[in-house]
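**Q** Right, I'll just put the structure down here and ask away after.
What follows draws every value from the coordinates through simple rules; no lab data is involved. The model shown is predicted, which means the values in this text are computed figures rather than measured ones. Every residue, glycine as well, gets a Cβ built from its backbone with ideal geometry; the counts of neighbours run over all protein chains shown.
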2 protein chains.
Amino acid sequence: MNRRLKQQIDFILEADKLKNVIRRNYLSDDSRRENTAEHTWHTMLTALLLYEYAENKQELNLLHVLKMIAIHDLVEIEAGDTFMFDTEANKHKFDRENQAAKKIFSLLPYDQGKEYYDIWLEFEKEETPDAIFAASVDKIMPVLLNTYSKGTSWRESQITAEQVLTTLKVIEKGPRKVQELLEELVAIAKEKGQLT
Amino acid sequence: MNRRLKQQIDFILEADKLKNVIRRNYLSDDSRRENTAEHTWHTMLTALLLYEYAENKQELNLLHVLKMIAIHDLVEIEAGDTFMFDTEANKHKFDRENQAAKKIFSLLPYDQGKEYYDIWLEFEKEETPDAIFAASVDKIMPVLLNTYSKGTSWRESQITAEQVLTTLKVIEKGPRKVQELLEELVAIAKEKGQLT
């Protein structure tokens, strides 16, 4: 196998480790916590389904959005999952994850590694229309699973409805329908006593 | 929430069950068997990375390929994972999975459900360039994980190198580089005694 393909295979095998990174939230059947690899698939699927609600489709590139989601959490292999409501851990999150991104994407051939590092950075900054759409869908996923399960990860940390709405502020810049969905889910969760 | 969005959310929550469908092969670190949701993400990531090897890019639509991979295994929620080397179980696989596909995609709003059912059928038939590319990548994934782990799922069933090459025949129609990769992986696995 030539060097280029070898580098790609090494990267693909390294990416396999994302299946062992465990997130805070549980699956909708409460059976166990979710891992980041399956979360990423679920987010890509949801992005495909909810794309129709984007009001700015002429500014979006859905393929680019999917690339972005596919790789956005690979840094967790090195940096671990950071609970979104852990203010302290989130202070240095970008620096830790940026180091991790440089490391993991450097496994790829230089041109491809640079392409994906740039895509990762674009996602993190949440400035471009593609990044805002991708981040909106990414952030709604644990809210969906929490609301339709027992919401254990919220209960464990006594998360409030206000905290969810504030922390997921990027959704306000995404499709109006996703923002409405967020508000509705939070109201349901509050009523069920899963958010205080 | 209006009826359309409600149907989409129901589908997304149903899809969550794919995280509990367990495949035969193990992760590359041998720690446990892989689930189908994380396999799907890994396949989408690999499709993005190996797309450069497609010789017929003008016939391919990478976004369509990703849609296809994203939903190709959802039928396993109803029909279960079918081990590719189980000849008996594969006889009625299409019928079982077709029933499952009709059921799961009917959760979606009609137009979207039809779009994804048609995409699923296209994948299953392995006739269009997009379906052949998607199937090639899908089929190389367990070979990669088996070769670079202890190959437990192959050993358990005493799979031969010839069986792998015959069963994964669709790869011959995909990118030459993926076919070469398959042959190389099989040779490595044979040398390691993971295939007989």
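**Q** Give the nm distances, rounded to one decimal, from A:Arg176 to the matching residue in every other copy, measuring between label points 7 Å along Cα toward the beta carbon; shortest first.
**A** In ascending order, 5.3 nm.
**Q** Let's see if you can work this out: charge +1 on each Lys and Arg Cβ, -1 on each Asp and Glu Cβ, no other charges. What is the dipole magnitude of chain A about its Cα centre, in debye to the nearest 20?
**A** Details: 27 positive and 34 negative charges, 83 e Å.
The dipole of chain A has a size of about 400 debye.
**Q** Same structure, new question: Quick one: what are the phi-derived ³J(HN,Hα) couplings along the stretch A:39-49, Karplus 6.51/-1.76/1.60 with θ = phi - 60°, whole Hz, x for glycine and proline?
**A** Per residue, the Karplus-derived 3J(HN,Hα) values read 4, 5, 4, 4, 5, 5, 4, 5, 4, 4, 6 Hz.
**Q** Who wins for biggest fluctuation among B:Lys91, B:Lys169, B:Lys139 in a Gaussian network model of chain B, springs between alpha carbons below 10 Å?
**A** The residue with the greatest mean-square fluctuation here is B:Lys91.
**Q** Using Cα pairs closer than 8 Å and at least 6 residues apart in sequence, work out the relative contact order for the stretch B:111-196, in percent.
**A** Numbers: 72 pairs, mean separation 28.9, N = 86.
The value is 34 percent.
**Q** For the stretch B:1-77, place one equal point scatterer on every Cα, skip the solvent, and apply the Debye formula. What is log10 of I(q)/I(0) at q = 0.12, 0.13, 0.15, 0.20 Å⁻¹?
**A** At q = 0.12, 0.13, 0.15, 0.20 Å⁻¹ the computed log10 ratios are -0.47, -0.54, -0.68, -0.95.
**Q** A:Lys150: which lysines have alpha carbons under 27 Å from its alpha carbon, excluding same-chain residues fewer than 8 sequence positions away?
**A** Of all the lysines, those that pass the test against A:Lys150 - Cα under 27 Å, at least 8 places apart if same chain - are A:Lys19, A:Lys139, A:Lys169, A:Lys177, A:Lys190, A:Lys192, B:Lys6, B:Lys17, B:Lys19, B:Lys103.
**Q** Continuing with this model, one more query. If you find the alpha carbon centre of the stretch B:36-97 and of the stretch A:9-73, how far apart are they in angstrom?
**A** 16 Å
**Q** Taking square-rooted eigenvalues a ≥ b ≥ c of the alpha carbon gyration tensor, is chain A rounded, prolate or oblate, where a/c under 1.5 means rounded and, failing that, a/b exceeding b/c means prolate?
**A** It is prolate, given that a/c is not under 1.5 and a/b is the larger ratio.
**Q** Label position 7 Å from Cα toward Cβ: report the copy-to-copy distances for B:Arg96 in nm, one decimal, ordered from shortest.
**A** So the label point of B:Arg96 gives 4.3 nm to the other copies.
**Q** Partner chain Cβ atoms within 10 Å, averaged over the residues of A:6-13 - can you pull that number for me?
**A** 5
**Q** If you plug each phi of the stretch B:77-83 into the Karplus form 6.51 cos²θ - 1.76 cosθ + 1.60 with θ = phi - 60°, what whole-Hz ³J(HN,Hα) values come out, in order, with x for Gly and Pro?
**A** Working through the residues one at a time gives 4, 8, 9, x, 7, 9, 4 Hz.
**Q** For chain A, what does the relative contact order come out to in percent, with C-alpha contacts under 8 Å and a separation of six or more?
**A** Relative CO of chain A lands at 26 percent.
**Q** Taking amide H positions as placed 1.01 Å from N in the peptide plane, with prolines and chain starts having none, which residues 5 or more places from A:Asn25, or on another chain, fall under 5 Å of its amide H?
**A** A:Glu34
**Q** Here's a follow-up. Distances from A:Asp118 to the same residue in each other copy, label points 7 Å out along Cα→Cβ, in nm, shortest first?
**A** Distances to the matching label points in the other copies: 3.5 nm.
**Q** If you don't mind, there's one more thing I want to ask. Among A:Met68, A:Ala131, A:Ala54, whose Cα sits farthest toward the positive end of the charge dipole of chain A (+1 at Cβ of Lys/Arg, -1 at Cβ of Asp/Glu, about the Cα centre)?
**A** In chain A, that residue is A:Met68.
**Q** Related question: Is it possible to state the helix-based mean residue ellipticity at 222 nm for the protein assembly as shown, with each DSSP H run of 4+ residues giving -39500 (n - 2.57), the sum divided by total residues, to the nearest 500 deg cm²/dmol? What is it?
**A** The per-residue figure over the protein assembly as shown is -19000 deg cm²/dmol.
**Q** Hey, another quick one. Using θ = phi - 60° and the Karplus curve 6.51 cos²θ - 1.76 cosθ + 1.60, what whole-Hz ³J(HN,Hα) does each residue of the stretch A:54-64 get, with Gly and Pro shown as x?
**A** Using θ = phi - 60°, the values come out as 5, 7, 10, 4, 5, 9, 9, 10, 4, 4, 5 Hz.
**Q** Another question, if that's okay. Over the stretch B:93-141, calculate the relative contact order: mean separation of alpha carbon pairs under 8 Å at least 6 apart, over the residue count, as a percent.
**A** 20 percent
**Q** If each residue of separation counts as 0.36 nm, what is the full-extension length gain between A:Lys93 and A:Lys150 once their alpha-carbon separation is subtracted? Walk me through the numbers before you get to the answer.
**A** Working: separation 57, 0.36 × 57 = 20.52 nm, distance 2.80 nm.
Full-extension gain reported as 17.7 nm.
**Q** Can I ask one more? Put +1 on the Cβ of every Lys and Arg and -1 on every Asp and Glu Cβ in the stretch B:1-157; which of B:Gln112, B:Thr36, B:Ile12 then has its Cα farthest towards the positive end of the dipole?
**A** Result: B:Ile12, furthest along the dipole toward the positive end.
**Q** Which value results when the Cα radius of gyration for the protein assembly as shown is divided by 2.2 N^0.38 Å?
**A** 0.96
**Q** About the Cα centre of the protein assembly as shown, how large is the charge dipole given +1 on each Lys and Arg Cβ and -1 on each Asp and Glu Cβ? Please answer in debye to the nearest 20.
**A** Using only the charged Cβ atoms, the result is roughly 520 debye.
**Q** Provide the FRET efficiency to the nearest 0.05 for the A:Arg32-A:Asn61 pair, computing r from the beta carbons and using R0 = 35 Å. Working shown, then result.
**A** Working: r = 35 Å, r/R0 = 1.00.
After rounding, the FRET efficiency stands at 0.50.
**Q** I'd like to know which of B:Ala101, B:Met1, B:Gln158 lies farthest towards the positive end of the charge dipole of chain B, counting +1 on Cβ of Lys and Arg and -1 on Cβ of Asp and Glu.
**A** B:Met1
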